[in-house]
């Protein structure tokens, strides 16, 4: 069973402890950087990461999604703290936003996520990969004036933009950071290549951990032998966890909501804004995580909204920032071998342990070594093969894909998604507007019939039908009356087919076909055939 205790235990000891450790190394500076950019206490970012990695991970509608404080909310948070007048008053808005998200999940509002075309979701993943690369190159070169975790084109922290920051870092690079980044990048690439071949220690120890250790040792060697290269003379180049002397300091660092702020109208406006934006980011990232899930599982968006709502209520009550599902952490999880929610849980527990037990040790980690880890994640998201594959699928796929990438890279995530979706919608409506799907059950036998052409507008209904199927069902999908099957529907059915055996479901298809991919019974994507 997918969700049995033994299943999670096996996954934890086989792979998820390693991916959880890798996600922790990526998430730690992001939590701190986002808190810094938000004008909130640094500890609030760590607290949000802990809550997201524990409570949200266990309640999530996804096995691989990883949540935490989100870069997309920094401007909203910074403005809200200023408008409300205090961080404690802002925490009330975080709690209320969680209540709204919980309500959205309970009324099944998560289905909205299925309306985003797959070309846009893939464009979002590639765009985030490109942004990660563009934003991490300066850190690899020792230009750390912009905080970790900022992904907008216009940078709030130093009033530069992505391009000017890149130029500045190339012109005025730091020798110590460059050498650490190059060595770490080489180590992680070679280590991962050896790990894929199942070579002893390479398969046992996560590449990210080895990379960070080597980067830290190199920097300590610089301190002794080449002081000019040493990065620790300035905390801007290093992980910078607030130091705490034991549990007492840890407890004292908590902040609590000032519920007298309930008398202020601005609190309710901020709460509604946070709930809407955080929910949109979460639903988008959930679709993206399903797209890169190697097991092709389908997440429950309604369950995810409930989990996020509870997480934000807890985070707000103890002094944490608002939480969303985050693509960067999720991607790091998947590409590090994460398979279940245990990976996210491990990362949350490591965040908790790190601030209490080893802050001094972690503060010796240079950001240049973490940049090497993130650069590899960015490359995997924006791999050239993705561009080739989408281009081959036709102009109705690659135009929304390209528009989404350009707007996200040169503006921001949400605006890019909305523009890309608008472009994609024009193509879909122009080719296939009318569609209908019927569903008939007789005992364990199920008939799903496409009575007309089907487009991504039918995706929410089809996705819900597939989610509601029972273990052991025998499913017959008849598309003989459909002259056109949208790319999103075809991929949804293929992913269902690929995962059906895990639920002991038998599935047969009749005339489910697209011109490029062919009949679904013979279709084998390049990503599968390559293994």
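Miscellaneous remarks
- Test: residue in segment 65-75 that is out of contact with any strand residue (DSSP E or B) (no Cβ under 6 Å at 6 or more places or on another chain), surrounded by fewer than 23 Cβ atoms within 10 Å (Cβ to Cβ) and farther than 30 Å from residue 264 by Cβ: no
- Qualifying residue in segment 85-95 (condition: at negative phi, more than 20 Å from the chain's Cα centre (by Cα) and part of a loop (DSSP other than H, G, I, E, B)): yes
- Flag if residue 251 is modelled with pLDDT of 95 or more and either over 16 Å from residue 35 (Cβ atoms) or within 23 Å of the chain's Cα centre (by Cα) (or both): no
- Residue in segment 438-461 that is farthest from residue 121 (Cα to Cα), counting only those that are surrounded by 17 or more Cβ atoms within 10 Å (Cβ to Cβ) and modelled with pLDDT under 90: 453
- Scope segment 201-232; condition in contact with a strand residue (DSSP E or B) (Cβ under 7 Å, 6 or more places away or on another chain) and modelled with pLDDT under 95; matching residues: 231, 232
- If the condition is being surrounded by fewer than 23 Cβ atoms within 10 Å (Cβ to Cβ), assigned to a helix (DSSP H, G or I) and in contact with a helix residue (DSSP H, G or I) (Cβ under 9 Å, 6 or more places away or on another chain), then segment 356-374 contributes 356, 361, 362.
- For residue 30: the one exception among (1) crowded, with 24+ Cβ neighbours inside 10 Å; (2) at pLDDT 95 or above: (2)
- Within segment 44-64, being surrounded by 24 or more Cβ atoms within 10 Å (Cβ to Cβ) and part of a helix (DSSP H, G or I) holds for 44, 45, 46, 47, 48, 49, 50, 51, 52, 53, 56, 57.
- Looking only at residues in segment 388-399 that are buried (at least 16 other Cβ atoms within 10 Å of the Cβ) and not in a loop (DSSP other than H, G, I, E, B), the one that is farthest from the chain's Cα centre (by Cα) is 396.
- Inspection of segment 466-483 finds no residue satisfying the criterion of being under 19 Å from residue 396 (Cα atoms), in contact with a helix residue (DSSP H, G or I) (Cβ under 7 Å, 6 or more places away or on another chain) and modelled with pLDDT under 90.
- Residue-level check: of (1) under 24 Å from residue 25 (Cα atoms); (2) out of contact with any strand residue (DSSP E or B) (no Cβ under 9 Å at 6 or more places or on another chain); (3) surrounded by 24 or more Cβ atoms within 10 Å (Cβ to Cβ), residue 149 misses just (2).
- Hits in segment 15-25 (condition: more than 12 Å from residue 350 (Cα to Cα) and surrounded by fewer than 24 Cβ atoms within 10 Å (Cβ to Cβ)): 15
- Residue match in segment 193-202 (condition: within 18 Å of residue 368 (Cα to Cα) and either touching a helix residue (DSSP H, G or I) at 6+ places or on another chain (Cβ under 7 Å) or outside the structural domain of residue 19 (by TED's automatic domain parsing) (or both)): no
- Selected residue (only one of 274, 284, 321, 280 is assigned to a helix (DSSP H, G or I) and either at pLDDT 95 or above or at positive phi (or both)): 274
- Under the condition of being part of a loop (DSSP other than H, G, I, E, B) and under 16 Å from the mean Cα position of the chain (by Cα), the residues counted in segment 100-151 number 4.
- Any hit, segment 257-273, residues being assigned by TED's automatic domain parsing to the domain that holds residue 140, surrounded by 14 or more Cβ atoms within 10 Å (Cβ to Cβ), free of Cβ contacts under 8 Å to residues at least 40 places away in the same chain and closer than 30 Å to residue 93 by Cβ: yes
- Residue count for segment 205-234, restricted to those that are without any contact (Cβ under 8 Å) to a residue 24 or more places away in the chain and part of a helix (DSSP H, G or I): 8
- Helices (runs of 4 or more DSSP H) completely within segment 445-531 that count 2 or more residues being free of Cβ contacts under 8 Å to residues at least 60 places away in the same chain and more than 27 Å from residue 421 (Cα to Cα): 526-529
- Residue list for segment 162-190, restricted to those being modelled with pLDDT of 90 or more and not in a helix (DSSP H, G or I): 173, 174
The values are calculated or read from the model by the stated rules, or taken from the named source; none is laboratory data. Here the structure is a predicted model, which means the values were calculated and not measured. Please note: Cβ atoms are built from the backbone with ideal geometry, for glycine as well, and neighbour counts cover all protein chains shown.
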